1. If you scan segment 22-43, which residues turn out to be modelled with pLDDT of 90 or more and either closer than 16 Å to residue 122 by Cβ or out of contact with any helix residue (DSSP H, G or I) (no Cβ under 7 Å at 6 or more places or on another chain) (or both)?
2. Does residue 38 satisfy being more than 18 Å from residue 10 (Cβ to Cβ) and either in contact with a strand residue (DSSP E or B) (Cβ under 6 Å, 6 or more places away or on another chain) or surrounded by 14 or more Cβ atoms within 10 Å (Cβ to Cβ) (or both)?
3. Select the helices (runs of 4 or more DSSP H) contained entirely in segment 44-152, then report the ones holding at least 2 residues which are surrounded by 12 or more Cβ atoms within 10 Å (Cβ to Cβ) and modelled with pLDDT of 90 or more.
């Protein structure tokens, strides 16, 4: 795979993050639509079978690639994936250009199977100057987010 350093700016912030920097990733060995090409540089990725991929582990996160065409592997099709609460790492990238937008960590489980902003625990944005993005909170406090115009 061709080295594209501009797709890896988020890695340094991830490695320096106290709770997540020591985590490893686990990649499903086959099935469920597989993975598009990706490169995590120096980060450790273990190739595992389906039961291990679905297991909740303290030091490893299941790795999913989020694209404009969906999630790979198709975790909603994997039996038992949402049986218990777990953190999931989603590398957001474009299939067409290869651009990486961010690595996002989500909390999912039996009652919460959506990969959406309200379930996001942490985001490591790709780009120079992550410190400003790191300080922003999402969702922002409601009064700062929009102006309420009273109806007459």
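The values are calculated or read from the model by the stated rules, or taken from the named source; none is laboratory data. These figures come from a predicted structure and were not determined experimentally. Every residue, glycine among them, receives a Cβ derived from its backbone with ideal geometry; neighbour counts consider all protein chains shown.
1. Applying the first criterion (modelled with pLDDT of 90 or more) to segment 22-43 yields 22-28.
Listed by number, the residues that qualify are 22, 23, 24, 25, 27.
2. On the way: more than 18 Å from residue 10 (Cβ to Cβ): no; either in contact with a strand residue (DSSP E or B) (Cβ under 6 Å, 6 or more places away or on another chain) or surrounded by 14 or more Cβ atoms within 10 Å (Cβ to Cβ) (or both): yes.
Answer is no for this residue.
3. Working: elements: 50-54, 130-135, 142-145.
Of the helices (runs of 4 or more DSSP H) lying wholly inside segment 44-152, those with at least 2 residues that are surrounded by 12 or more Cβ atoms within 10 Å (Cβ to Cβ) and modelled with pLDDT of 90 or more span 50-54.
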